[in-house]
Structure formats: structure tokens, C-alpha cells
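A.B. asks: One structure coming up, written as C-alpha cells, with questions to follow.
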Amino acid sequence: MELVHVLAVFRHGDRSPITGTVGTNLTMSEDETQYWTTELASEATCLRLNERVRVQSSGPLAGGVWPRGHLTERGVNDMTRLGVEFRKRYAALVPRDHDPHTLIYACSTNISRTILSAKSFLSGFCGGDRLSSDNPLVLHTVEPKDLTPVLTGQEYRLRAQQLRQLALATLHGYAALEVAVKQVIGIRGAVNWASLREVLDCRHTHELPFPEGISSAMYDAITRHAAWEWYMFYSDPQGGQRGFIQAMRNFHDLLRDAILTTPQGRRFTLVCAHDNSLVALVCALQLHHSSGFVPPPYGSTLVVEIYQDKSNGTHHVNVQWDGKAMRFPQQETSLVPIEVLHAAVASFIHATTASAPSTSSM
């Protein structure tokens, strides 16, 4: 069995908060806004990366109101380092005399932070390759719906209400956590756990103070509950999975293209997306993981290693998430025939399309 291709889907790097106001006690002040402005990737850094990687795109989306939702200089450095480590990990797949343009297919969502993250990763991965403004690597960008789950605001709100009722009925300690969070953060309506988590994550990473009353234990509880909501949401064919159909089809196409282009020398398919892309993909494929409900950190990477049995030409896959092996349902090992993955994709597509509301006229 020989490793012939690696498909990797990774989350972008460290960024500034997207949400400006979570509650009356958690709002981005002018001082904090200025802080994040100084933390963002510098113009010199962006120009340097632009010389090595050219974006094939109709134009990036901001992904947040400036300076919110943008990659930091720390994010650039972290993703560059991740690219270096990834190259070392799979050095055996890189021929001595190789052309990076043939070796790699790279894509990302057309949002500034994922584009810059992908450029940083590729810069690290191709550190020793001769890339320049005259010979740049190409980064293909697509709309968010092509790599991440997308639903309407009404669908998100409705499912959030349903998950709250489920949490109240089944999760010990949830009611007390909700009351405490609303009081400390200053929230009068429903708690948006995803927005709360992402703002606190940004502050925690940059060692900025939490609002008074948010202890380390409460932060951990908020993080766990936000993750629980996502895993429940994206495990539901009638919920979040319906917004992931297009992205799953694209992921499957990337996998098939990887196999078809391997004989021509392509060895890596590198995809930069978002944290909910990873969660939705893991849930859609029903991959078993032992870490529990954990939100993907910056740079979190889901890897599909593609192996070929040289005796008969068949392909097998081994899926890992941040170095931990993942198993498909009813499989005893992480290395399985590729037909198992194809079947998981087909099952997902069937379940989500079968559960979609009827559009026939009445």
C-alpha cells in the first residue's frame, strides 16, 4: 500500500473578532478596535505573500467590518509554520525535481482571512521552491457555500431555539450556565453561543481581559456548549446538514480529482476553509472521534490520505484530524477502501435531500 495523495482541509489562522457586540458588557471599545488594527497582518507581509501566490478570484469578501474578522500577523506566522511542518510530514511525497504548480492544487473560500491563511500556508509549504511574481503559485477561490455550510438567518435562529430546549431538558447545568452568562455579559435576549465563543477565543488567545465575572471555568463551559450546539446542528439532516450539500459535493469532486490527477504528478490538494466547515464535514461523514465536542482551533486540519494498492490498483483512505485517526461507521480501522468514503457521501446526500422541504405547488 503506497501513499499517493494527500487532501487537507484546514481552518484559517488567528484573526480578530467578527462580532462587535455580544452584550452590554462585551462590546468592542475604541481602544480594543485600535488594538486589533495594530495586530492585523501588515501591508509588507501581504505584499510579500502576493509575490509568491496569485489569487484566481473575482474579488475577495471582507468577512467582517474592518478591523473585525481579519487575519492577524500572528495568524500569518502560525499558518506559515503549519505549512512548513506539513511539508516535512509528507516529504516522501515530494519528488526531488518537482514543479510546485503540478504538485499542488490549492483553493479557499473567497474571504480575506482564508485567502491570506492559504497564502501563508503555501509560502511555508513551498519555502524552498522558486516562486516569484513572475512564477507564482495559483490559489483558486470559491464562494463560501462551496466549502462551508450556509443557511438563512431564520433557519439558524429556529434551530438555535430547538437546541436550547434540548439543552434545558438533557444537559445538566445548562440552565444555570445560561442565567450566569446572560447576567455577566449583559444579554437580554437569546444567547448566541457561537458569537460569544469566538469573541472570548480571540481575547483568550491574545491575553486580553474577559468581562468581570467570566472565570476560566465559565469560559471552558461556554466553549464546550458552543461546540455541542454545532455538533448537534451539523449532525441533523433536517438542520445544518441541508446547508452543507453543495460543499459536500465539492469536497467529493476534489477527492475524485485528486485520484484522477495523481498519475500526472499532483500529490497535494490543499483547502483553506472555516471551523464550521470542519465540524460539518466530520458530522456529515459520521466520523468517529474520541475528543468529544471540541471546536476546531486555528489551523485545525482534517487530512484524507489516499493510498493505492499497487497489486490491483485499488484505493484506500485514512482520515486524521489534527493527527488523531478517525473511523467511519462500522469500521474497525481508520484505513478503509475508498468505497467506504464514497458510500458515506452518498448516504449524506440522500439523507439531506430526502429531508428537504417539498417545493411542489399546493
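The values are calculated or read from the model by the stated rules, or taken from the named source; none is laboratory data. Note that the structure is a prediction, hence the values are computed from the model and not measured. Because the Cβ atoms are built from the backbone with ideal geometry, glycine has one as well, and the counts that use them run over all protein chains shown.
A.B. asks: Kindly indicate which of 93, 71 is touching a helix residue (DSSP H, G or I) at 6+ places or on another chain (Cβ under 8 Å) and at pLDDT 95 or above.
C.D. replies: 71
A.B. asks: Shifting gears a bit: So which residues in the range 153-189 are in a helix (DSSP H, G or I) and of a type in the set (Gly, Ala, Ser), if there are any at all?
C.D. replies: Of all residues in the range 153-189, those in a helix (DSSP H, G or I) come to 153-170, 174-185.
Of everything in the range 153-189, those that are in a helix (DSSP H, G or I) and of a type in the set (Gly, Ala, Ser) turn out to be 153, 160, 167, 169, 175, 176, 180.
A.B. asks: When residues of the range 262-277 are filtered for being surrounded by fewer than 20 Cβ atoms within 10 Å (Cβ to Cβ) and in contact (Cβ under 8 Å) with a residue 40 or more places away in the chain, how many remain?
C.D. replies: Qualifying residue count for the region: 4.
Yes/no per residue for (1) part of a helix (DSSP H, G or I); (2) within 18 Å of the chain's Cα centre (by Cα):
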{"position": "191", "(1), (2)": "no, no"}
{"position": "198", "(1), (2)": "yes, yes"}
{"position": "203", "(1), (2)": "yes, no"}
{"position": "212", "(1), (2)": "no, no"}
{"position": "231", "(1), (2)": "yes, yes"}
{"position": "261", "(1), (2)": "yes, no"}
{"position": "276", "(1), (2)": "yes, yes"}
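A.B. asks: Also, quick follow-up: Tell me yes or no: at least one residue of the range 165-180 is aromatic (Phe, Trp, Tyr) and either free of Cβ contacts under 8 Å to residues at least 40 places away in the same chain or in contact with an Asp or Glu (Cβ under 8 Å, 6 or more places away or on another chain) (or both).
C.D. replies: No, that holds for no residue.
A.B. asks: Which residue pairs have Cβ atoms closer than 6 Å, lie 6 or more positions apart in sequence or on different chains, and pair a first residue in the range 249-261 that is more than 17 Å from residue 350 (Cβ to Cβ) with a second residue that is in a helix (DSSP H, G or I)?
C.D. replies: Within 6 Å, the pairs are 250/146.
A.B. asks: Search the range 127-170 for residues being among the hydroxyl-bearing types (Ser, Thr, Tyr) and modelled with pLDDT of 95 or more, and hand back the single one that is nearest to the chain's Cα centre (by Cα).
C.D. replies: Applying the filter and picking the extreme gives 148.
A.B. asks: Turning to a different aspect of this structure: Sort out which residues of the range 214-223 are more than 19 Å from the chain's Cα centre (by Cα) and either hydroxyl-bearing (Ser, Thr, Tyr) or not in a helix (DSSP H, G or I) (or both), and write them in order of number.
C.D. replies: Within the range 214-223, 214, 215, 216, 219 qualify.
Residue by residue, here is whether (1) within 16 Å of residue 119 (Cβ to Cβ); (2) among the charged types (D, E, K, R) holds:
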position	(1), (2)
2	no, yes
8	yes, no
15	yes, yes
18	no, no
31	no, yes
36	no, no
39	no, yes
54	yes, yes
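A.B. asks: Let me ask you something else. Select from the range 278-306 the residues that are in a strand (DSSP E or B) and crowded, with 18+ Cβ neighbours inside 10 Å and list them in ascending order. Quick ask: steps written out before the conclusion?
C.D. replies: Within the range 278-306, the subset in a strand (DSSP E or B) is 288, 301-306.
Passing the criteria: 301, 302, 303, 304, 305, 306.
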